[in-house]
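The values are calculated or read from the model by the stated rules, or taken from the named source; none is laboratory data. What you see is a predicted model; the values in this text were computed from it and never measured. Don't worry about glycine lacking a Cβ; one is built from the backbone with ideal geometry, like all the others, and counts go over all protein chains shown.
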Amino acid sequence: MYPYQPTPEELESMETWFAEYDALAERGALEELADRAVFPMNLATDVPGGYAAVRQWTRAEYIEAMQHAIGTGTAGLDLESTRTPRFVSENLVVVETEATMTIEGRRQHMHYADLLVRTEDGWAFQTMVQGGWGHGWPAARRG
């Protein structure tokens, strides 16, 4: 029946998954973060000049981008997040996040969404929707 109504256990599974994800991010455990994704990963973002940009990241590209964004655990990363999961079905969840990331005393507020998919191994993220990742992309990669 649609719209799909998640069970309390499904909602709890989302909370647990993201608590584990945040702990890995705070430690800078980039390989382990990548283990929680399905590649190629879709990315929808924007680029300077006011246009949207979409592309797919390989595992290596994701790790490189995260290394620049959050480091490898030495930058004193602190995450505070409020997430709203919207279950499309029991296997597909769009999660909207309001977050504050603090690195070495600098605070940055973010608003983004992720698509999580249920795999044989459990939840994994497959699509990121967040502004600001397209800086430095060549024009050919913008669309």
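Just one of the listed residues (ASP35, ASP46, ASP78) is among the acidic types (Asp, Glu) and within 15 Å of GLY131 (Cα to Cα), namely ASP46. Only residues that are of a type outside the set (A, V, I, L, M, F, W, C), in contact with a Lys or Arg (Cβ under 9 Å, 6 or more places away or on another chain) and either loosely packed, with under 15 Cβ neighbours inside 10 Å or in contact (Cβ under 8 Å) with a residue 24 or more places away in the chain (or both) were counted in segment 96-115, giving 3.
Of the residues screened, VAL54 is not one that is surrounded by 14 or more Cβ atoms within 10 Å (Cβ to Cβ), modelled with pLDDT of 95 or more and closer than 19 Å to GLY132 by Cβ.
Here is the figure for segment 90-143: residues that are at pLDDT 95 or above and among the small types (Gly, Ala, Ser) total 2.
Out of contact with any Gly (no Cβ under 8 Å at 6 or more places or on another chain), surrounded by 12 or more Cβ atoms within 10 Å (Cβ to Cβ), basic (Lys, Arg) and in contact (Cβ under 8 Å) with a residue 24 or more places away in the chain: is that true of ARG27 in this structure? Judged against the criteria, ARG27 is not a match.
PRO3 falls short on exactly one of the conditions (1) within 16 Å of ARG83 (Cβ to Cβ); (2) surrounded by fewer than 18 Cβ atoms within 10 Å (Cβ to Cβ), and that condition is (1).
Only one of the numbered conditions (1) touching a helix residue (DSSP H, G or I) at 6+ places or on another chain (Cβ under 6 Å); (2) free of Cβ contacts under 8 Å to residues at least 12 places away in the same chain; (3) under 18 Å from THR127 (Cβ atoms) is violated by GLU32, and that is (3).
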